[in-house]
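Presented below is the structure to which this report refers.
Quick note: the coordinates plus some simple rules give every number you see, no bench work behind them. Small disclaimer: the values here were computed from a predicted structure and weren't measured. Positions of Cβ are generated from backbone atoms using ideal geometry, with glycine treated the same way; all protein chains shown enter the neighbour counts.
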Amino acid sequence: MSIVIAEDLFKSYGKVVAVDGLFLRVNEGSVVGLMGPNGAGKTTTIKMILGLMKPDRGHVKLLGQDPWDNPEIRSQTGVVYEKPFFPASEKVLDYLERVCRIFGVSESRALEVLKLVNLDEAFDRTIKALSAGMLQKFAIAHAIIHEPKFVIADEITSNLDPKARSELLDLIDQLHEDQKVTFLLSSHILPELSKVCDAVVVLNKGKVYASGNLSELYDEFVARTIRILTDKPRELVETLRKKLSYVEKADADSQGISIKILKEGTDTVYEDISKLARECEAKILGIETESASLEELYKQVVDSEAK
Amino acid sequence: MGKGTAFLEILSSSLHGDYKFPILEFLAFLFLLSSFVFAGFGGFGSTGVPEEYYVFFMTNSLMGLPLFILAMLLLRNIASGIGNDIEKGTIQTILAYPLRRRSILTAKLLSSFGVAIFLFLGIQISALCTLAPEMVASNLLVVLLTYMANLSFALFIASIALLMTLLLRKGSVGVVIGIMVFFLFSILTSLVSFWAHATNSILPMQLYSLVNPSFAINFYYSSLQPQVQVFWTPSFTEALLYVGAGYALTTFILFLSYFYFCRRLNV
């Protein structure tokens, strides 16, 4: 079942096009990353999905319904904003108990979620007294208090230090594993998406450049880097450069060779290396495939679109 | 627990934001003080003047400064409540709750308008009952009509400020527009009279009374004095119609605000 279906979304602010013909699908039980630089249209997309903003064109279905002014959807959806907006002078536990009453869940759930996000010790503080990291945890507690099926989080880690960031991602992972919550996470900080996401959607200039699960996208867009350990790196690197058209880049050092290959060489590269090594009488001591980073994927996707 | 509880929680949260200590206490004091200080009994007991006129005069004089304070309070509540929520983004959190937008706006308006008006009327009526209980008891309709006519104008100003706040997403701008409209209409009161006399036509007065029905009510009760000649003598029914028109206009602006908030407001 698809939790989110967005079709042909278009939104502009005056002459500036924020989202341009966007199609998006988030399946139940997945953690999908919405990836893109600042100004790519992530927040606008999220606002349209949440029904906070009407698209100029196209339509969104959230949990099978139109999200605009739809209380039924609200009780199954949680939201974490980049800059959480809460009444600053209210106390942490008091506010969450109020939210429990709003959603019609037991007030004891307030302390339960505070414990879940490791914020139970701050229950008596006012919201304005929370640090940035604590505030994001509080926002997550606020978002999951009514046990939603789906949580949207917009740039939630952008203002956090690495430790707080890592803790938050662990928490998301835990909620996904234990409570089967579906997540849509937007971020421009790429390593964190690769840590928790099953699939990513790459946005730039309001358009989806690529989408799919990470391994598929790596296969499609990212030139693989292979490290070959050999006794004759200089000879072998020359042969590889000359004879393999799919080798994008090849560099030798004293212990081996690093080559970057294009997608078309993926299936035959190991066989070809062995064959060429035999030709130049080089001994292969080992071959390693280096994992591509999400940054590299993003760069490749955007570059390929630009071409 | 249901939608009712959610509504009450939003209302309680709005009240908490709109009337932090000691705002409400200070306003109550101001309303009380100004109600008694400005109460007037001019001409009371003169022969031939009907009691209705005195009750109207007293009620009107009691309301002068408190009504101005009320109008400013309504504008301030719109700016600090609804306006701030939109500007700071708190409305995004509120819209994530399982309530329809119209219920959210209603809760906000009950807090911004309802409590302020309740406080104003409560203190005013208490003051009237203390000052002249028998006169008030025997002229309830006059008191009611005078309040309705004056409140209509304050609500009209507040509803314009609300609509502007929603359209411009800036509470402060909405309030400035509200204050400008308030003073513009105060100036218009004199201009309309001048215009009517200059053209020898009551049309400007009639038009102005549609927005500010207290103008027509004032003429109606003033015309009850036997020795006084007034330029315009609207009938009681006519005066009532102006009050109705004033509320209809305010209701229309509030309807536009609801429509925009529920159907158009992107946050």
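Annotations
- For the stretch B:182-209, backbone nitrogen atoms closer than 18 Å to the point 7 Å from B:F252 Cα along Cα-to-C-beta are found at B:204-209.
- Other protein chain Cβ atoms within 10 Å, averaged over every residue that makes up B:84-96: 5
- Partner chain coverage, peptide A:92-100 - average Cβ within 10 angstrom: 2
- Values of log10 I(q)/I(0), in the order q = 0.15 Å⁻¹, for the stretch B:165-267 under a Debye, Cα-only, solvent-free model: -0.74
- Counting, for every residue in B:136-145, the Cβ atoms of other protein chains within 10 Å of its Cβ and taking the mean gives 0.
- Comparing chain A with the 2.2 N^0.38 Å rule of thumb, its C-alpha radius of gyration ratio is 1.23 (two decimals).
- Charging the Cβ of each Asp and Glu at -1 and of each Lys and Arg at +1, and nothing else, the dipole of the stretch A:144-302 about its Cα centre rounds to 580 debye.
- Extreme residue, positive dipole direction of chain B, given options B:T199, B:P22, B:S35 (C-beta unit charges): B:P22
- Scaled against the 2.2 N^0.38 Å expected of a compact globular protein of N residues, the Cα radius of gyration of the protein assembly as shown reads 1.38.
- FRET efficiency, A:K243 to A:N213 (Cβ-Cβ, R0 41 Å, nearest 0.05): 0.80
- Placing +1 on the Cβ of every Lys and Arg and -1 on the Cβ of every Asp and Glu, with no other charges, gives chain B a dipole of roughly 1180 debye about its Cα centre.
- Sites matching chymotrypsin sites (Phe, Trp or Tyr not before Pro) across the stretch B:154-184 that sit in DSSP coil, with at most 13 neighbouring C-beta atoms within 10 Å: none
- Our summary gives chain A a relative contact order of 19 percent, counting only alpha carbon pairs under 8 angstrom and 6 or more residues apart.
- Cα gyration tensor shape of the stretch B:223-265, rounded if a/c is under 1.5, else prolate or oblate by comparing a/b with b/c: prolate
- Gyration tensor verdict on the stretch B:80-229 (Cα atoms; rounded if a/c is under 1.5, prolate if a/b is larger than b/c, oblate otherwise): oblate
- Each of B:T93, B:M135, B:G174 was scored by the projection of its Cα onto the charge dipole of chain B, and the greatest displacement toward the positive side belongs to B:T93; charges sit on the C-beta of Lys, Arg, Asp and Glu.
- Pairwise label distance in nanometres, A:K195 with B:L191, each label 7 Å out on the Cα-Cβ vector: 6.4
- Potential extension, B:S12-B:I202 segment - 0.36 nm per residue separation minus Cα distance: 63.7 nm
- Of all lysines in the structure, those lying under 19 Å Cα to Cα from A:K115, and not within fewer than 8 positions of it along the same chain, are A:K91, A:K137, A:K163, A:K180.
- Net charge of Cβ neighbours under 13 Å - reference B:R169; Lys, Arg +1; Asp, Glu -1: +1
- Among A:A122, A:Q136, A:V196 - extreme Cα towards positive end, dipole of chain A, charges at beta-carbon: A:Q136
- Taking a straight Cα-Cα cut-off under 18 Å and skipping sequence neighbours fewer than 8 places away in the same chain, the lysines within cross-link reach of A:K61 are A:K11, A:K42, A:K47, A:K149.
- Inter-site label distance for B:E134 and A:E28 at 7 Å from Cα along Cβ, in nm: 7.7
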